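One structure is given below, encoded as structure tokens.
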Amino acid sequence: MAQDQKELFDEIDQFESQVDQVLHAFFPHQHRSRPRVWRPPTDVYENEQAVVIKVEIAGMNPDDIAISFIEGELMIRGNRRDVEDKLSYHCMEIPYGEFQVEVFLPGAYAPEKIEAKYVNGFLYVVMPKLKEQHRVTVRVQKIGER
């Protein structure tokens with residue numbers, strides 16, 4: 001990650017912490033810090049037959065991944081757990097916890113034909129394109145005609 005980008009994320013984290021502290025001061029019993037949700041690196045590409053979404057999420061159990069496709073939005077959610085015991089960190093760049101990927105896909109797809117596979121730390125979601133799209137015939141109607 002570029003140094004400028006890291007500094008920006010550090011500033012955002014500091015700002016979020018300050019907001020959490022202020023909210024906690026006014027609402028000590030109601031306010032809870034919101035969970036951090038991260039977004040794994042994602043590629044979306046297309047070939048003749050399908051649109052493919054490739055998500056880099058190494059170290060996952062496929063049972064901890066949920067995929068849904070509703071009204072043109074593909075949603076991939078999961079939780080990567082850190083199972084190793086550690087005394088302290090010298091460097092921490094691998095995100096753990098809840099993650100979410102949202103991909104908006106124009107076009108027509110058959111939800112029942114969507115396939116997902118997890119190979120070597122990558123999740124591949126293959127969304128076959130519909131070959132035939134429903135064509136609506138426009139009928140010409142004269143004024144006054146029913």
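Taken together, the values in this text are just the output of simple stated rules run on the coordinates, not laboratory data. If you're wondering where the values come from, they're calculated on a predicted model, not measured in any experiment. Note: ideal-geometry Cβ built from the backbone for every residue, glycine included; neighbour counts use all protein chains shown.
Running a GNM on the chain with Cα contacts under 10 Å, which residue among Tyr45, Tyr118, Tyr89 ends up with the highest mean-square fluctuation? Highest fluctuation of the listed residues: Tyr89. Between Asn47 and Phe122, the modelled labels are 1.1 nm apart [label points 7 Å from Cα along Cα→Cβ]. Counting only residues at least eight positions apart within a chain, or on another chain, the lysines with an alpha carbon under 26 Å from that of Lys54 are Lys6, Lys113, Lys117, Lys129, Lys131. Just to confirm the filter: which trypsin sites (Lys or Arg not before Pro) across region 81-133 are DSSP coil and have at most 12 other Cβ within 10 angstrom of their Cβ? Sparse-neighbourhood loop trypsin sites (Lys or Arg not before Pro): Arg81, Lys86, Lys131. Counting only DSSP H runs of at least 4 residues, each contributing -39500 (n - 2.57), and dividing by the residue count of the chain, the helix-based mean residue ellipticity at 222 nm comes to -6000 deg cm²/dmol.
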